[in-house]
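For reference, the structure is listed below as structure tokens.
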């Protein structure tokens with residue numbers, strides 16, 4: 001299929017999290033050093049108190065009151081629909097040239113204990129239910145690959161557009177917390193008793209969070225505004241090290257970075273995975289250092305949102321895009337004294353810097369690693 005040129009860009013986006021109900025609200029909270037993480041006492045989610053970033057149920061009820069017909073949807077589906085509604089005007093969802101990708105790790109797993117129809121918990125069923133609400137005519141696609149799911153969805157969507165299968169792809173990332181999820185991380189003893197401290201010498205575990213984000217990825221035309229954010233490239237690599245432990249040398253992430261950047265090295269900032277677990281942050285520092293990017297400013301966002309699982313790659317990419325547009329390198333909340341094995345440039349406080357290109361990194365269970373590269377035009 002002939003195309004004017006092969007640029008794929010971000011046409012619209014939205015974030016719903018404890019910090020706000022729009023991308024801009026979330027960004028303003030982040031640059032104001034506000035975090036959604038606090039000590040939670042929700043026995044429906046955990047038998048003991050734990051640090052987390054949870055969406056306020058009262059606020060959700062207020063938002064739902066403004067939209068009829070959502071009573072029979074799960075919390076995850078309700079949040080997903082509310083997020084997509086805010087971006088849907090920019091694209092014709094009923095066109096067969098518009099795709100839909102759902103990024104999640106656990107979907108409606110919180111419904112298992114209700115003994116509902118087992119198919120209701122299937123990720124594909126959840127994705128199709130959301131797609132049907134809006135009238136998508138293309139079949140809903142699911143990307144679920146642990147913590148890299150969000151970046152994997154970007155990469156798959158770009159490949160669809162580059163191949164000429166779609167003109168636009170709506171990407172949704174969503175996960176909410178449940179006892180199933182929290183107990184799993186507790187069994188690994190990987191949750192911190194205090195808000196997470198990415199890349200800090202005293203980091204001792206991650207913090208979980210809830211979040212939903214959606215965006216439209218589109219093929220550029222000759223009429224596309226010059227004020228655009230391009231998704232240039234992305235890659236996924238597996239380090240084949242361990243089911244829950246990354247390669248100590250960051251091999252998989254290093255290879256993902258190399259495949260994404262190829263010979264291009266003039267990156268202005270890196271938004272890291274930054275889970276604040278001892279092995280992850282060390283591994284990331286190794287991969288960044290080995291890639292020749294040791295002096296590039298690095299920041300992590302999980303001190304603001306917690307780890308939002310299948311939504312993380314999308315939420316953190318959108319915040320990074322807004323930071324790039326405003327030429328801000330965001331400070332890494334929770335970082336007091338850097339303590340990782342390789343000497344990289346992790347930023348503690350917000351810095352003003354001209355940013356034209358940035359790299360987003362994610363890693364996850366099973367040795368999966370992903371990197372994507374964005375560029376600002378105009």
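Does region 34-52 hold any residues that are part of a loop (DSSP other than H, G, I, E, B) and over 13 Å from residue 19 (Cα atoms), and which are they?
Within region 34-52, 41, 42, 43, 44, 45, 46, 47, 48, 49 meet the criteria.
Can you name the residue in region 34-49 that is touching a residue at least 40 places away in the same chain (Cβ under 8 Å) and in contact with a strand residue (DSSP E or B) (Cβ under 6 Å, 6 or more places away or on another chain) and, of all such residues, is surrounded by the most Cβ atoms within 10 Å (Cβ to Cβ)?
Per the stated criteria, the residue is 36.
Starting from residues that are surrounded by fewer than 22 Cβ atoms within 10 Å (Cβ to Cβ) and in contact with a strand residue (DSSP E or B) (Cβ under 6 Å, 6 or more places away or on another chain), keep the ones in region 238-257 and report whichever is farthest from residue 365 (Cα to Cα).
Taking the candidates together, the pick is 255.
Among the numbered criteria (1) closer than 25 Å to residue 233 by Cα; (2) in a loop (DSSP other than H, G, I, E, B); (3) within 21 Å of the chain's Cα centre (by Cα), which one does residue 100 miss?
(2)
Which members of region 4-33 meet the condition of being touching a residue at least 40 places away in the same chain (Cβ under 8 Å) and in a loop (DSSP other than H, G, I, E, B)?
Result: 4, 5, 6, 7, 18, 19, 21, 22, 33.
Does region 65-78 contain any residue that is under 14 Å from residue 134 (Cβ atoms), touching a residue at least 24 places away in the same chain (Cβ under 8 Å) and part of a helix (DSSP H, G or I)?
Looking for residues that are under 14 Å from residue 134 (Cβ atoms), touching a residue at least 24 places away in the same chain (Cβ under 8 Å) and part of a helix (DSSP H, G or I), one finds at least one in region 65-78, hence yes.
Values in this text are rule-based calculations from the coordinates and carry no lab data. Keep in mind the model is a prediction, meaning the values are calculated, not measured. Heads up, the Cβs are rebuilt from the backbone with ideal geometry, glycines too, and the neighbour counts pull from every protein chain shown.
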